[in-house]
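First the structure, in the form of structure tokens, and then the observations on it.
Since every read-out is calculated from the coordinates, none of them should be taken as a lab result. Note that this is a predicted model, so its numbers are computed, not measured. Reconstructed Cβ throughout: ideal geometry from the backbone, glycine too, with neighbour counts over all protein chains shown.
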Amino acid sequence: MSARATAWAVLRRDVRIEARSREALLAMGFYALLVLVVFSFAFSADADLTLRAGGGVLWVAILFAALVALDRGFAREAAEGTLSGLQTSPASAAAIMAGKFGSNLILILGMEVILLPLFAVFFNAPSGTNWGGMALVAFLGTWALAANGTYFSAMSLHTRQRGLLLPLVLLPVSIPAILAMVQGTQVYLTGEGMANYWLRLLIGYDVIFSVLGLALAEAVLAVE
Amino acid sequence: MAPLCACQNVSRFFGERAVLRQVSFACAPGELLYLGGANGAGKTTLLRILAGALRATAGAVTVGEAAIGSAAARRATGYLSHQSLLHPALTVEENLEFYAALFDLADARAAVRSALARVGAQGFAQRRAGELSQGMKQKAALARCLLHRPRLLLLDEPFASLDRATVSELREILRELRDAGLSVIVTSHQTEPLEGLVDRRLELEQGRLR
């Protein structure tokens, strides 16, 4: 019960801070929009290519925009000097990590709620697009990014090149999930193929990396 | 009387550089202990180790009967560092409610009200921490330290950058806390506000106790 209350307190505080500053949300939104606009212009002459590349472009936009939020989660604690407050409290590291994961998940999903309709407009999404399926893939894919990203963001706190390390570690580890996100999105966008395999891969990935992140939280949040 | 806090042969190295060398001392319940020394003597490092914010390279530290770093030791300790540990975008009350949740306090709102009243910070509880003056911020930070009713209070330069009136107010708060039976370990380059309050003085010199 206590761990759940701690996680909820961390999540609520981070969401409240972001709602007041909107720093990460604005940076993420701007970056993601820029990617969509640039690629939609680049592919505009070829409707078929636009459709075939759509899933990849969408996840490139989400992935790089998410890096902004993931990097800020723990970096903000270090910059404001509040990390020490977390570390010297009796709260479990796993609960703190769960709360940070929750706030990152909400932040990235919030950006996607704005991004998906824009994607539909810029990429002329077909009328038969399965938006429920797209939302499911987006949720599972975002869960994977948030779970890994939160853990690696905490890990990079102990390094000098924090901003550089996060994408260098996060992106290679996330390759199976990214593959599933892109392929799953493509299936629901074009209506061709089966998404079940990719969904199962994403669910398995989410479970494994969420459990690993919580189990190893103590090691990355320990004091030096 | 058994000590509330005990350090035995505590050393801390940053790379090859020794900042603390085999420091041993104990602090009795209700004792106000002054920790002096020049800049770089290792005072902040020692307080951070006692607070569980830094690991000792060697030696043992206990608070009550709990080893440092354990949840029990953290519950027994309040630490006022150079930074307020309050997030500037949140109000003082929101910050304290957050820490009340981290410490799993049963009645968080009552604990926050009580801590704010204890340091006279009710007047700016609804203001964001980033908008506070240095004196207000220090009081709010002290309220955060007292929120979970610790038995040991660690104060690192509590009077730094404060005007005379606020120093005087903090001195009175410190006297009340000591009279209430709290053990306090304090470092400060300003010794006048502590006159008449200190039970014992320790002096660090290049990481060693003199």
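When the chain is fully extended, how far beyond the present Cα-Cα distance does A:Arg52 get from A:Glu192, taking 0.36 nm per residue of separation? Write down the numbers at each step before the final one.
Working: separation 140, 0.36 × 140 = 50.40 nm, distance 1.07 nm.
Gain on stretching A:Arg52 to A:Glu192: 49.3 nm.
Please give, to one decimal in nm, the separation of the simple spin-label points placed at B:Glu172 and B:Ser114, each 7 Å out from Cα toward the Cβ.
2.2 nm
Return A:Val113, B:Val198 ranked ascending by Cβ neighbour count within 10 Å, so the fewest neighbours appear first. Intermediate results must be reported in sequence, preceding the final value.
Values: A:Val113 10, B:Val198 16.
If I rank by nearby Cβ atoms, fewest first, I get A:Val113, B:Val198.
Calculate the spin-label point distance for B:Ala72 paired with A:Asn130, positioning each point 7 Å from the Cα along the beta-carbon direction, and give it in nanometres.
Taking the simple label geometry, A:Asn130 and B:Ala72 are separated by 5.6 nm.
Work out the FRET efficiency for A:Leu168 and B:Ala28 from their Cβ-Cβ distance, taking R0 = 51 Å, and round it to the nearest 0.05. Walk me through the numbers on the way to the answer.
Values: r = 51 Å, r/R0 = 1.01.
After rounding to 0.05, the efficiency reads 0.50.
Over its Cα atoms, what ratio of radius of gyration to 2.2 N^0.38 Å does the protein assembly as shown give?
Working: Rg = 25.5 Å, N = 434, 2.2 N^0.38 = 22.1 Å.
Relative to the rule-of-thumb radius for its length, the protein assembly as shown sits at 1.15.
Can you compute 3J(HN,Hα) from phi for each residue in the range B:85-90, using the Karplus curve 6.51 cos²θ - 1.76 cosθ + 1.60 with θ = phi - 60°, rounded to whole Hz and x for Gly and Pro?
6, 9, 7, x, 7, 9
Restricting to DSSP loop positions (anything but H, G, I, E, B) with no more than 16 other Cβ atoms inside 10 Å of their own Cβ, which trypsin sites (Lys or Arg not before Pro) remain in the range B:92-135? Please report the intermediate quantities before stating the final value.
On the way: sites: B:Arg109, B:Arg113, B:Arg118, B:Arg127, B:Arg128; in loops: B:Arg127.
Answer in residue order: B:Arg127.
Give the Debye-formula value of log10 I(q)/I(0) at each listed q (0.19 Å⁻¹), with one equal scatterer per alpha carbon of the range A:72-224, two decimals each.
Each listed q maps to, in turn, -1.13.
What order do you get for B:Glu172, B:Glu192, B:Glu157 when you list them from fewest to most C-beta neighbours inside 10 Å? Numbers along the way, then the final one.
On the way: B:Glu172 12, B:Glu192 9, B:Glu157 19.
Fewest to most other Cβ atoms nearby, the residues stand as B:Glu192, B:Glu172, B:Glu157.
Taking other Cβ within 10 Å of each residue's Cβ, how do B:Phe25, B:Phe124, B:Phe13, A:Phe41 sort, fewest first? If you can, show how the numbers build up before the last one.
Working: B:Phe25 17, B:Phe124 20, B:Phe13 14, A:Phe41 10.
Going from sparsest to densest Cβ surroundings: A:Phe41, B:Phe13, B:Phe25, B:Phe124.
Can you give the mean number of other chain Cβ atoms that lie within 10 Å of the Cβ atoms in peptide B:78-88?
On the way: counts 1, 3, 0, 4, 1, 6, 4, 9, 4, 11, 5.
If you average over the peptide's residues, the count of other-chain Cβ atoms is 4.
Fully extended, how many nm does the chain gain between B:His82 and B:Ala38 (0.36 nm per residue separation, minus their Cα-Cα distance)? Numbers along the way, then the final one.
Working: separation 44, 0.36 × 44 = 15.84 nm, distance 1.62 nm.
Separation in residues times 0.36 nm, less the Cα-Cα distance, equals 14.2 nm.
Percent of Cα-Cα pairs more than 22 Å apart in the range B:86-192, please.
Working: 1567 of 5671 pairs.
Tail fraction, whole percent: 28.
What 222 nm value per residue comes from the helices of chain B, counting each DSSP H run with n ≥ 4 as -39,500 (n - 2.57) and dividing by all residues, nearest 500 deg cm²/dmol? Working shown, then result.
Details: 6 runs with 67 residues, N = 210.
Calculated from helices alone, the mean residue ellipticity at 222 nm is -9500 deg cm²/dmol.
In deg cm²/dmol, rounded to 500, what helix-only [θ] at 222 nm does chain A give when every DSSP H run of at least 4 residues adds -39500 (n - 2.57) and the total is split over its residues?
Details: 10 runs with 188 residues, N = 224.
Only helices count here, giving -28500 deg cm²/dmol.
Please list, short to long, the whole-number percent of alpha-carbon pairs of chain B in consecutive 5 angstrom bins beginning at zero.
1, 8, 16, 20, 20, 16, 11, 6, 2, 0
Round to the nearest 10 and give me the degree value, 0 to 90, for the angle of helix B:134-146's Cα axis relative to the longest principal axis of chain B.
Helix B:134-146 sits at roughly 70 degrees to that axis.
Suppose R0 equals 41 Å. What FRET efficiency, 1/(1 + (r/R0)^6) with r the Cβ-Cβ distance, do A:Ser44 and A:Trp8 give to the nearest 0.05?
With a Förster radius of 41 Å, E is 0.35.
Please give the Cα centre distance for the range B:61-121 versus the range A:72-117, rounded to the nearest Å.
When both Cα centres are located, 20 Å separates them.
How many percent of DSSP beta bridges within the protein assembly as shown run antiparallel, rounded to 5?
Working: 17 of 34 bridges.
Looking only at bridges with both residues in the protein assembly as shown, the antiparallel portion is about 50 percent.
Give a quick list of GluC sites (Glu not before Pro) in the range B:34-143 that DSSP marks as loop, anything other than H, G, I, E or B, with at most 13 other Cβ atoms within 10 Å.
B:Glu65
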